[in-house]
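J.: Please find one structure pasted underneath; my questions will follow.
Read the figures in this text as sums done on the coordinates, not as results from a lab. No experiment lies behind these values; they were computed from the predicted model shown. Every residue, glycine as well, gets a Cβ built from its backbone with ideal geometry; the counts of neighbours run over all protein chains shown.
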Amino acid sequence: MGQIIDGKLQAKKYREKIASFVKERINNGLQIPCIVSIMVGNDGGSMYYLENQKRLCDKLGVKFQSIILNENSAESDIISLIIKLNEDKNVNGIMLQLPLPRHINEKNVTSIISESKDIDSLTYENTGKFYRGEKAFVPCTPRSIIELIKSTGIDIAGKNAIVIGRSNIVGKPVSQLLLNENATVTICHSKTKNLKEICSKADILVSAVGNPGFITGEYIKEGAVVIDVGTTVVDGKLKGDICFDEALNKSAFITPVPGGVGAMTTTMLILNVCEALW
């Protein structure tokens, strides 16, 4: 029987660190970290994430401002807003909620964000530095995954790590982070053959496909660390990619959904903006 990796408990440790950092800056008369989160349109998932950001920032003493633009806003207006925020010395982090409406070119807009304020690592500059192994903001969800794996106490170096999913948001960057920790990494995707056989050899299995219950116990190696990044709403409930009960019986450690990776993501975003001032 595996142990459950409590994302909420791990997030609490980082939140205490953030709160202490903010308090120290207040006591020393220094600038308090400030995040501006921009949302274009009324996407439900983006609104939920934005509200979580505000609630947690308020709790930790970090300044937070949300800017919600009409979904018909012109791309040029969004770019002008970002340029203005880039120049505002009181703003330390800019978060652009994705997805954007279809008429807006995501690459054009994200490329405008200042490298020093790009706390979700959306710009070409931060992405390039990240993959070159240079100092850069680390994408929040992949960072959460690595921190949760490390919380188990296992040594990632030399482990056989399998990542299911090759998105630019999760699959590719978490693979890079695992490589940075000296794991041997295989990326699997929709065209991968013999997926079950490959996964069953993983010491560390990260699933980020958004297919509820896709990974059954047959995919899990005895004693593996299993990280479930999938979040799909089924009958009003949030479900992960992993058949949790089956995987729990075979794994050494496993994240639940909810209460796992998702519980860490917003905390990592706020930690990024604090680190920009360290």
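J.: If I compute Cα extents along the principal axes in Å from the structure I just sent, which labelled value in (1) 52, 45, 40; (2) 67, 61, 33; (3) 56, 44, 37 lines up?
T.: Working out Cα extents along the principal axes in Å from the coordinates points to (1).
J.: Which pairs, out of Lys117/Lys191; Lys12/Lys117; Lys13/Lys117; Lys54/Lys239; Lys8/Lys107; Lys13/Lys84, put more than 27 Å between their alpha-carbon atoms?
T.: Lys117/Lys191; Lys8/Lys107; Lys13/Lys84
J.: While we're looking at this one, here's another question. Contact order normalised by length for the chain, with contacts defined as Cα pairs under 8 Å and 6 or more residues apart; what percent is it?
T.: Result for the chain is 22 percent.
J.: For the range 191-278, which GluC sites (Glu not before Pro) are in a loop by DSSP, counting at most 13 other Cβ atoms within 10 Å?
T.: For GluC sites (Glu not before Pro) across the range 191-278 that sit outside H, G, I, E and B with at most 13 neighbouring Cβ atoms in 10 Å, the list reads Glu222.
J.: Report for the range 140-262 the percent antiparallel among DSSP-assigned beta bridges with both residues inside it, nearest 5.
T.: 15 percent
J.: Compute, for the range 140-262, the length of the dipole vector about the Cα centre, with Cβ point charges of +1 (Lys, Arg) and -1 (Asp, Glu) only. Units Debye, rounded to 20.
T.: 380 debye
J.: Which number do you get for Rg(Cα) / (2.2 N^0.38 Å) in the range 30-116?
T.: Taking N as the residue count of the range 30-116, the ratio is 1.07.
J.: Which value in nm describes the separation of the simple spin-label points at Asp88 and Ala157, placed 7 Å from the Cα toward the beta carbon?
T.: 4.5 nm
J.: Same structure, new question: Treat every Asp and Glu Cβ in the range 30-116 as -1 and every Lys and Arg Cβ as +1, leave all other atoms uncharged, and give the resulting dipole magnitude about the Cα centre to the nearest 20 debye.
T.: 260 debye
J.: Could you size up the charge dipole of the chain around its Cα centre, putting +1 on the beta carbon of Lys and Arg and -1 on that of Asp and Glu, and report it in debye to the nearest 20?
T.: 340 debye
J.: Of the trypsin sites (Lys or Arg not before Pro) in the range 5-36, which ones lie in a loop per DSSP and count no more than 16 other C-beta atoms within 10 Å?
T.: Sites meeting the loop and neighbour criteria: none at all.
J.: List the trypsin sites (Lys or Arg not before Pro) within the range 83-119 that fall in a DSSP loop (any state other than H, G, I, E or B) and whose Cβ has at most 14 other Cβ atoms within 10 Å.
T.: Listed in order of number, the matching sites are Lys89, Arg102.
J.: Related question: Report, in whole Å, the centroid distance computed from the Cα atoms of the range 55-104 and the range 173-194.
T.: The range 55-104 and the range 173-194 have Cα centres separated by 32 Å.
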